[in-house]
Structure formats: structure tokens, C-alpha cells
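Nothing in this text is a laboratory measurement; each read-out follows from the coordinates by a stated rule. These numbers come from a predicted model, not from an experiment. Glycine gets a Cβ as well: all are built from the backbone with ideal geometry, and neighbour counts include every protein chain shown.
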Amino acid sequence: MKKVKVGIIGCGNSSPQYLKNTKPYSILEIAAVADAMPERAKARAQEFGVPRVLTVKEMLADPSIQVICNLTTPLSHAQINLAAIKAGKSVYVEKPLAVNRADGRKTVAAAKKRGVRVGCAPDTFLGGGIQTSRKLIDDGWIGQPVAATAFFTCRGHERWHPDPEFYYQVGGGPMLDMGPYYLTALVNLLGPVKRVSGSVRTTFPERTITSAGKFGQKIKVEVPTHVAGTLEFACGAIGTIVTSFDVWNANLPRIEIHGTEGSLSVPDPNGFGGEVKFCRAWAKEFATVPHTHSTEVGRGIGIADLAYGLVFGRPHRANGDLANHVLDVMFAFEESSRTGRHVAITTTCDRPAALPVGLIAGQLDE
Ligand SMILES: NC(=O)c1ccc[n+]([C@@H]2O[C@H](COP(=O)([O-])OP(=O)(O)OC[C@H]3O[C@@H](n4cnc5c(N)ncnc54)[C@H](O)[C@@H]3O)[C@@H](O)[C@H]2O)c1
């Protein structure tokens, strides 16, 4: 089969996962890497055997590269995506799709006009944890979904990330950083959201980096760091979500879906596996459900799915409409908090097709 050539832009902390996890997919060839800091691109190329190190300009001008994998920090997402689309390339970008709604809309519209594709992380919903949960819901195990809860709390990424500043700048914060995992999982499980309310706060105006390298340096916080919200899904279910960089410790579940016939405990959506647990009506305890789909996949399955979509002319799952809907919802919490009103969600998307049961790592359509 003809390989789809991919160029990676952004060779920082998240890039090794892509360079490693795309290897099992025979459809993908990581043809080149680029970074504003060329020494980073060189180092990654050497480590993972990528044949070419290019500048961003050279990569966008290279007609053999069909897909750009954009792993830059959020403020650069839209700019790189739009340049790649203009150059006639499909893009797959790390989350969030953009740092404001207008850029998200613009990106999706530009790709449709140019006849290329937008893919966007997270692709964790393609792992066995969320796909098994999806199958249970689709097969009717919990009956009609009634409620969903989703909780992500921590005390911030400045404790481990070597360059954590972007988490506190426009485009950062717990909702834009971690919300995509939770909301993409929820939309995959329950469908699109039609109305949102929210309350947000910025607890600490300044943060101190305690990871190595920049230990002791201060970060000015530009974004809300505690976001609480409700979600009304088009299917009628009501969700509750909290994302926070202000919480030292918690005993909260990640995601639960409660239905008319039972309850489902969904594993961490920032991963591909995790225990799926189900409690049927009248039962006292949750019981573990075996995975119906492989958990032996990683960040990269979404870009492989996009490549298969290109070759076979079928939709890809971690797509621009889904990411743009999630982006719209994420901004609605802050808007609701600011205006004191519910926010109607004007974007929508289809639930991505469930993965067929029994796929193993490295296989999608082969
Ligand atoms: N760190 C993680 O574990 C992780 C996990 C999942 C997702 N992500 C997401 O991945 C993205 C990148 O995060 P990261 O942690 O790898 O950041 P990082 O700061 O470690 O790396 C980003 C890289 O992009 C380069 N870059 C930035 N703007 C550029 C531009 N305009 N042109 C060329 N290169 C540019 C930087 O020089 C840097 O090397 C973010 O969207 C983040 O949300 C990160």
C-alpha cells in the first residue's frame, strides 16, 4: 500500500509519543521533522530515525508531504494549521484545535474549502477503555443515558513540565488543556452538547515552577484555573464537569455515565486503557467489564485513522468538526460565568463511528 507521508512540526515534550506510536501503522511514514528550535528537531530525527530535518517553510513547500502533524504549543496551532491547509496539506494537530472560537471555525472552514482534512487530538477515545464504554452504551446496557460526571483535578503542570508557561497563557488553563480529553470522550459516548452553564475562577495569580531547569521561576497566570460546568446533551443527558489546576488532591472518579438501567464507570480519558466498570439496576457493586477493543495503542492512532480515511475515502474519527464542537463548548463555560447566563451551543458534530471490535495495534483498515 502507498504510504502517507507525514511531516511533524514541533519536537518538544509530546513528540516522542507520536514518533513511537505511529511506527506500527504501515500506512504512515514520518518523512521529516521541523521545530522553531532546529536542535530539537535534529535530536528527535536522530533518536527515531527520521530521514529529514527541515524548516517549517521547507516542509510546507515539499509536495511529497501530505499530512502535517502539528505538535507546537497551542498559540501556534491555528497559524501552522492554516499555513499547511493553504499549502494543500491535511493537518493533524494536538489539542486544543485553536485558542479561540474564531480560529477554530476558520481552520475547519479553510480545510473544507481546500479539500483537505483536519484531524485533532485527543485520539484517546479510540483506545479500549472508551471504545468498550461506548459499546456498552450503544448495546443498551445502561438504558437511556440520564447523567454524566467528569472530573480532572491537579495542582498544575509546573511541577513536572520543563516549559510549563503555556499552560497559564491564553490557550492554556485546565479546561483547554484537559477538557478536550473529557469532552471528546463524552461527545463520543453521548453525542453533541446543546447548552452549557459554568463558573470559573483564577485562584493563584502567579505560579512557581518546581520542575528541573526552570526551578523557582514565576509564571503570571492569564486564564481561569478552576472551571466548573453543566452540560445539556442533545440526547437529553445532563453532565457535570470540573477541571482544575488548583486542587492538591482528590478522590474523584474520572468519568461516570448513569442511565435508566444502570451505571458505567469510564476510565481516565487521558489514556487508552483503564478499567471499565458496570453496575446494573438493583445491583450493589460495580463489576469490571473485559475490554472489547485493544488498549495497546497510543497517541498516533488518530493520525493513522486520518491517513486510512484519505486513502480509502472514508471519514476519520478524531476530526475537525468534533474538535471544533469541543472547543466551542470549552469556551462556553467561561462565557456563561462572565455573563451569568446559560450558553446555547451553535456548533454540532456527528458521533465518530465506533471502531470495529477486535482490532489490534497497528491495524485499522488493513
Ligand atoms: N507534554 C505532554 O505530555 C503532552 C501530552 C499531550 C498533549 N500535549 C499537547 O502537545 C502540544 C505541545 O506540547 P509539548 O508539551 O510538546 O510542548 P513543548 O513546549 O514541549 O514543545 C513544543 C515545541 O513546538 C515548537 N514550536 C512552538 N511554536 C512553533 C512554531 N510556530 N513553529 C515551529 N515550532 C514551534 C517549540 O520550539 C517546541 O519545541 C500542546 O498542544 C499540548 O497541549 C502535550
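So here's what we get for this one:
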{"read-out": "Theoretical gain in end-to-end length, Gln144 to Glu285 [0.36 nm per residue, Cα-Cα removed]", "value": "48.8 nm"}
{"read-out": "Contact order normalised by residue count of segment 127-289, Cα under 8 Å, 6+ apart, percent", "value": "34 percent"}
{"read-out": "Helical contribution to [θ] at 222 nm, DSSP H n ≥ 4, -39,500 (n - 2.57), averaged over the chain, rounded to 500", "value": "-9500 deg cm²/dmol"}
{"read-out": "Relative contact order %, the chain, counting alpha carbon pairs below 8 Å whose residues are six or more apart", "value": "20 percent"}
{"read-out": "Charge sum, other residues only, whose C-beta stays under 9 Å from Asn188's C-beta, Lys/Arg counted +1 and Asp/Glu -1", "value": "+3"}
{"read-out": "Segment 207-293: translational diffusion in µm²/s, Stokes-Einstein, Kirkwood Rh over Cα pairs, 25 °C, 0.890 mPa s", "value": "149 µm²/s"}
{"read-out": "Straight-distance crosslink candidates among aspartates and glutamates, where the alpha carbon sits under 20 Å from Lys135 and sequence neighbours closer than 8 are dropped", "value": "Asp123, Glu256, Glu261, Asp268, Glu275, Glu296, Asp305, Asp350, Asp365"}
{"read-out": "Full-stretch length increase - Thr230, Leu252 - with 0.36 nm per residue and alpha-carbon distance subtracted", "value": "6.3 nm"}
{"read-out": "Ordering of 90-96, 305-311, 42-48, 269-275 by burial proxy (mean other Cβ atoms within 10 Å per residue, highest first)", "value": "90-96, 305-311, 269-275, 42-48"}
{"read-out": "Beta bridges per DSSP with both ends in the chain, % antiparallel, nearest 5", "value": "60 percent"}
{"read-out": "Global geometry of segment 73-200, whether rounded, prolate or oblate, following the gyration tensor of its Cα atoms and the 1.5 cut on a/c", "value": "oblate"}
{"read-out": "Dipole magnitude (debye, nearest 20) for the chain, charges at Cβ of Lys, Arg, Asp, Glu", "value": "720 debye"}
{"read-out": "Extension gain, Glu58 back to Ala43 (0.36 nm per residue minus Cα-Cα distance, nm)", "value": "3.6 nm"}
{"read-out": "Cα-based shape type of segment 267-366, given that a ≥ b ≥ c are square roots of the gyration tensor eigenvalues and the cut on a/c is 1.5", "value": "oblate"}
{"read-out": "For the chain, projected area of the alpha-carbon convex hull averaged over all directions, nm²", "value": "17.6 nm²"}
{"read-out": "Hull-based mean projected area of segment 196-247, where the convex hull spans the alpha carbons, in square nanometres", "value": "4.8 nm²"}
{"read-out": "Over segment 127-289: Kirkwood hydrodynamic radius from C-alpha pairwise inverse distances, Å", "value": "16.8 Å"}
{"read-out": "Ranking of Glu285, Glu29 by count of other Cβ atoms within 10 Å, fewest first", "value": "Glu285, Glu29"}
{"read-out": "Share of alpha-carbon pairs per 10 Å distance bin for segment 110-155, given as whole %", "value": "19, 31, 27, 22, 1"}
{"read-out": "Residue-count net charge about Arg105 - beta-carbon cut-off 13 Å; Lys, Arg +1, Asp, Glu -1", "value": "+1"}
